[in-house]
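The values are calculated or read from the model by the stated rules, or taken from the named source; none is laboratory data. The shown structure was predicted, so the numbers you read here are calculated from the model rather than taken from an experiment. So basically every Cβ, Gly included, is an ideal-geometry build from the backbone, and we count neighbours across all protein chains shown.
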Amino acid sequence: MKKHSIFLFLLSAMLLFSINLQSQNTKTITGKVTDEKGEGIIGANVIVKGTGTGTITDVNGMFSLQVPNNAILVISYLGYDTKEILVGDKNSYNVQLSESSKYLEEVVVVGYGTVNKRSFTGSVASVKSEELTSLKTLSPSAGLQGRAAGVNVTTSSGLLGVPTKINIRGINSINAGTSPLWIIDGVPMYSGDGLEASSRTVSQDPMSLINPNDIESMEVLKDAAATAIYGSRGSTGVIIITTKAGKKGDKKGNIVVDYSNGYSQLTRTPKQIGYASTSQWIQLADIAVQNQTGNSAALWQPSQTLDPAKVPFSPLTREQALAINSDWFDVVLRTGQYHDINLNMTKGYENGSVFSSFNFRDDKGVLKNNDLQRITGRINTDFEVIKNLTIGTNASFSYSKNNRVKTGYAGAIGGGGGTNGAFESANRNALPWMPIYDEADPTGYWSARSGNLAANNDRRFLQDYVNQYRFLGNSFAELKIAPIKGLSLRSEFGVDFISNSSVDWRSALITEDNKSYSLDNNATRTVINYNAYFKYNKSFGIHSFNSVLGTESMRVNGWRRQMEGKDLVGMYPEMGVTNPAQMLTMHSYLSDEDYLRSYFFRSDYRLMDKYVFAVSYRMDGSSKFQGKNKWGNFAAISGGWLVSEEEFFQPLITVMNQLKLKASFGQTGNNAISSNAFTTNFSNTANNRYGDVSYISSGTVVSNLGNSSLTWETTTNYDAGITFGFFNNRLSGSLEYYYKDISDMLFKRELPVSTGLADNTIWDNVGDVANFGVDFSLTSVNFDTKKIKWTTTFNFSTNNNRVVSLTPAVDNGGKGMDYTNGTRNVTGKPIGTFFMADYAGIDPDRGVEMIWEIDQDEYNKTGNTIKTGRKIPATQANVKLHRYLFKDKTIVPKFFGGLNNSFSFANFDFNLFFTFSGGNYIYDYNLKRASYVHNGQTVLLADLIGNMWEPGKLNAKYPLQSWGSQYNNAGWSSDADDPNFETGNKKGWWAASGDNNYNLESANHSRFIYKGDYLRLKNLSIGYNLPKTLISKIKLENVKITLQATNLFTLTAYPGYDPEGKSYVEAAGVPNLKNYSISISAKL
């Protein structure tokens, strides 16, 4: 017992000594953790290195902790560099953390705010200013081409101001709008068709009034996680434009002046198409006349083509025609040119910044008299007027004048005086043997009233121009709510106003009826958008939130005024101060009225900077629907996992520094239809009257049959993807799969003819379409040294679509319904599947074209187009009856993308940029018309000579040519017996007295379907930065000179002018242009 007592005494003494020793080696310290602005950081971790001992800072950034002497403290916080400090003699420590470069990554603009791209779970493609402006395009939308995965951008013409078509992840509707929603600095902007009146001209893209040099970045929102917050307008994707701003505190500021001058020409010339000269054309016409008449001595005469009874032609003999070889393309074409000068200034202040710009651009197109001038100005301000309150304005004004040329053409020779176009007519019916000029005509042109395209392109006799003004402005105020860190209230008021005035005037000297004509049209369109929303962006230790909650309202209205008259008083190109002899139209009315009220919410939550969950919701009320259908609800959820932040992943971090998995699901809407679709409207005009005008002046008809149950078109989005980075992002990219199900489509459903409506249709919610595919993007930093840098970016996208259902009646029949020219939509098949007779070559005995016969019983029963295996002649009747559904051929591209290489060496930089697209097909009706002499109404291909069928010639490229497409030796009787089958089969066979009409002007077969694949060198440029030792003497920061060529060459099997943006080429318009330019940029 005594021994135990001694043991306990010794143990107690040792414990007391240990406690006393520990108290002598530890102490309590306090401190504060702040950011670079000196503000306390809430929830920062303060840990004794190598132990589990630690604490977190309070709401003021303060901490208190007992630590051993000479301990090392590790202070860390999400988004900041970790700092270590040695505990010395002091008992209080103030620690300032710096933002980590690891987390100072790129942010992307999304609905009503910004998010860190690294942790964002939606699908967004970002395009920066230098990429958008590198091609010197008139419109910023054209600069998107090939830059963003999932975004198919096409421009189908080289005319000035022509609209650019953008589809984001496929065609998302059949009848409703498919263009994305555009937002600029928070304002929804109009991007649809031009507001001007257009008669056989191309409307001007409203986006051409936006100066690309003002843009800092474009974000393309693609999946529901990104677009659901825009609700009913997000189904077709959203493009957010952020314009440039000054830098707060940059008191010096800077001035940048850019000037560029360029020249343009056709990417493919008429010579490359290969049209026949006068002698070749007349040779072909002679052959056709001889084949039709059976008289080898028969010769074509101009009177067989020119009919003065229909159109006033000047007399022309065969001998006169043979002596002429007119180059109509030379009459209308020229080398295009542009001048562009851009000035922008930035200035920073202690409490704000200013950005301002001015731009003047003067374009002269490749068509004579096609000119466009544009002036733009912008001012962006941002000031903290009092502590925690910031106000700002983004405002731009633009003006353009567009002198347009006609794009019409005549279906037959003559006609179209004052309406036929330059390039289209030259490719269709401006024949080489026709004279251009005639001194006897008061205009100086031969047969000016017959549609002479040179006369139609002379501004003395025809003027078609558009004056357009646009104001885009947004004012905002944002208040930081000081008691709650990270919370602010923002309100915005924005306006998009367009005023468009167009004039179309034609002299009596060029019109068919010898009467002058004028149309004067004015249209305005105003979008007013205002909102208010809370923003909350805060982190609490391992928890981070980025949220918005608000409401928004938008109102749209327009006004249209138009006067149209003939036989004007006076000779001036105007309607005049006196009424014309014949007033055609006079109206003034409210248009485009639309209202939208919305409530929205978005929140992103991050846990430990590894796990991300996001949700967005919007409720829209639209004036385009009524009753209970007025309101629609749209929501999305998404999640992400930053695998590369996990502990188990760290052994791989030196190789693969970033790996993120993400997925999203949600719904968006589409209400892009006319505002009156749910109401029944009536029209009262003279054309609708019953009886003589002496009894009744006009009549009333139903112009639109309303559908009160009409509601939203809904798109359900599924998206999954992976984002990766290797070798500290020397190689980085993303891969995403998407599936979009568009249901309750806003669809124009056919009604029985007995309804008596003008178009026998009604808007309804019927049908479903699906789009699915893959978006892939890759960036590689191949070299990165002090002197040499080489970066490659590549994006590749696939898109497949399928018609899931149409109307019940159409689906039951199985035949589908016609879509664009020569295509059809059929359930289970892609949108725009080609539907026409299948070409089967040339009959070796008769020289006529053949097609594959279709089983008509099967087609009428099920809608399936099954070939019988028989070839039948391509008569007009057979071609219209035996149409075949080409299941693998559609007008919609199945893949597209871009490849960009940027090099820099010393003071030089180089750029090589390719775009590509494919998987689609094009029908070229223009080449078809040039492949048949028919009635001598069109230009012809020189390739016909020597390649037409003749007796004994096998594998001929073209059929026998016969005037009027009448073949006396190739009649076909559809109910005659085929001798290869049993008697009485009535399958059809050759018959001298049968149908010999092979005129295919209004019927097509597949011979002229071509693949639309192409690879284009979009940009090739070399730039040189002048040495700073040289320019510093004149107080310049930087001077750069750039030589550039765009659309330098195109690789394609398509034989027409240009495959880009084409599906059905009715008449060959001006293709995309090849441009050469020099530019200089100076920064002061």
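Quick notes
- Verdict on PHE534 being touching a Ser or Thr at 6+ places or on another chain (Cβ under 8 Å), within 19 Å of ILE481 (Cβ to Cβ) and either not assigned by TED's automatic domain parsing to the domain that holds GLU196 or not β-branched (Val, Ile, Thr) (or both): yes
- Selection of region 470-520 for residues being under 20 Å from THR381 (Cα atoms) and in contact with a helix residue (DSSP H, G or I) (Cβ under 7 Å, 6 or more places away or on another chain) yields only ARG470.
- Number of residues in region 664-679 that are in contact with a helix residue (DSSP H, G or I) (Cβ under 9 Å, 6 or more places away or on another chain) and either without any contact (Cβ under 8 Å) to a residue 40 or more places away in the chain or not in a loop (DSSP other than H, G, I, E, B) (or both): the value is 7.
- In this entry, SER644 passes the filter for residues that are surrounded by 13 or more Cβ atoms within 10 Å (Cβ to Cβ), outside any strand (DSSP E or B) and either assigned by TED's automatic domain parsing to the domain that holds PRO180 or of a type in the set (Lys, Arg) (or both).
- Flag for ASN342 being assigned by TED's automatic domain parsing to the domain that holds VAL466 and surrounded by 19 or more Cβ atoms within 10 Å (Cβ to Cβ): yes
- Residue within region 384-397 that is of a type in the set (Asp, Glu) and either modelled with pLDDT under 95 or more than 31 Å from the chain's Cα centre (by Cα) (or both) present: yes
- For region 469-482, the criterion of being within 23 Å of ASP567 (Cβ to Cβ) and surrounded by 17 or more Cβ atoms within 10 Å (Cβ to Cβ) is satisfied by no residue at all.
- Criterion applied to GLU1037, GLU1066, GLU1001, GLU982 was being of a type in the set (D, E, K, R), modelled with pLDDT under 95, at negative phi and within 22 Å of the chain's Cα centre (by Cα), and the one residue passing it is GLU1066.
- Counted as qualifying within region 864-922 are the strands (runs of 3 or more DSSP E) with 2 or more residues that are under 22 Å from TYR1064 (Cβ atoms), at pLDDT 95 or above and not hydroxyl-bearing (Ser, Thr, Tyr), namely 884-890, 895-905, 908-918.
- Identity of the residue in region 792-844, acidic (Asp, Glu) and either more than 24 Å from TYR1064 (Cα to Cα) or outside the structural domain of ARG883 (by TED's automatic domain parsing) (or both), that ends up surrounded by the fewest Cβ atoms within 10 Å (Cβ to Cβ): ASP818
- Criterion: in contact with a Ser or Thr (Cβ under 9 Å, 6 or more places away or on another chain) and part of a strand (DSSP E or B) - qualifying residue of ASN261, ASN291: ASN261
- One residue from TRP281, TRP300 being closer than 29 Å to LEU159 by Cβ and not assigned by TED's automatic domain parsing to the domain that holds SER173: TRP281
- Selection count, region 398-413, where residues are of a type in the set (Lys, Arg) and at pLDDT below 95: 2
- Residues considered: ALA1045, ALA991, ALA1003. Of these, the only one that is of a type in the set (A, V, I, L, M) and in contact with a Gly (Cβ under 7 Å, 6 or more places away or on another chain) is ALA991.
- Residues located in region 862-878, provided they are under 40 Å from the mean Cα position of the chain (by Cα) and either of a type outside the set (S, T, N, Q) or over 17 Å from LYS986 (Cβ atoms) (or both): THR862, GLY863, ASN864, THR865, ILE866, LYS867, ALA874, GLN876, ALA877
- Those residues of region 577-596 which are closer than 30 Å to GLY669 by Cβ and either in contact (Cβ under 8 Å) with a residue 60 or more places away in the chain or over 27 Å from the mean Cα position of the chain (by Cα) (or both), in sequence order: TYR589, LEU590, SER591, ASP592, GLU593, ASP594, LEU596
- Here is the figure for region 687-708: residues that are over 30 Å from VAL804 (Cα atoms), outside any strand (DSSP E or B) and within 40 Å of the chain's Cα centre (by Cα) total 2.
- Annotation for region 606-615: at least one member residue is at pLDDT below 95 and within 29 Å of ARG233 (Cα to Cα).
- Condition met for GLY237 (surrounded by fewer than 18 Cβ atoms within 10 Å (Cβ to Cβ) and of a type in the set (Gly, Ala, Ser)): no
- Hits in region 801-852 (condition: among the β-branched types (Val, Ile, Thr) and within 16 Å of ASN864 (Cα to Cα)): VAL803, VAL810, THR823, VAL826, THR827, THR833
- Residue identified as crowded, with 21+ Cβ neighbours inside 10 Å, of a type in the set (Val, Ile, Thr) and under 35 Å from the mean Cα position of the chain (by Cα) among VAL892, VAL933: VAL892
- Checked against the criterion of being over 27 Å from ALA422 (Cβ atoms), over 42 Å from the mean Cα position of the chain (by Cα) and part of a loop (DSSP other than H, G, I, E, B), region 345-354 has no qualifying residue.
- For region 240-273, the set of residues classified as in contact with a Leu (Cβ under 7 Å, 6 or more places away or on another chain) and more than 24 Å from SER356 (Cβ to Cβ) consists of SER264, GLN265, LEU266, THR267, listed by residue number.
- Taken over region 457-483, the criterion of being more than 30 Å from SER425 (Cβ to Cβ), assigned to a strand (DSSP E or B) and either free of Cβ contacts under 8 Å to residues at least 60 places away in the same chain or not acidic (Asp, Glu) (or both) is satisfied by TYR469, ARG470, PHE471, LEU472, GLY473, ASN474, SER475, PHE476, ALA477, LEU479, LYS480.
- Of the candidates THR761, THR711, THR755, THR723, the single residue that is surrounded by fewer than 18 Cβ atoms within 10 Å (Cβ to Cβ), under 30 Å from the mean Cα position of the chain (by Cα) and polar (S, T, N, Q) is THR761.
Matching residues to (1) closer than 30 Å to GLY816 by Cβ; (2) in the same structural domain as LYS1028 (by TED's automatic domain parsing):
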residue: ALA877; (1), (2): yes, no
residue: LYS880; (1), (2): yes, no
residue: ARG883; (1), (2): yes, no
residue: PHE886; (1), (2): yes, no
residue: PHE896; (1), (2): yes, yes
residue: SER902; (1), (2): no, yes
residue: ALA906; (1), (2): no, yes
residue: ASP909; (1), (2): no, yes
residue: LEU912; (1), (2): no, yes
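Residues are listed down the side, and each one gets a yes or a no for (1) without any contact (Cβ under 8 Å) to a residue 60 or more places away in the chain; (2) closer than 20 Å to TRP963 by Cβ; (3) β-branched (Val, Ile, Thr):
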site: ASN254; (1), (2), (3): no, no, no
site: ASP258; (1), (2), (3): no, no, no
site: THR267; (1), (2), (3): no, no, yes
site: LYS271; (1), (2), (3): yes, no, no
site: THR278; (1), (2), (3): no, yes, yes
site: ILE282; (1), (2), (3): no, yes, yes
site: ALA285; (1), (2), (3): no, yes, no
site: GLY294; (1), (2), (3): no, yes, no
site: LEU299; (1), (2), (3): yes, yes, no
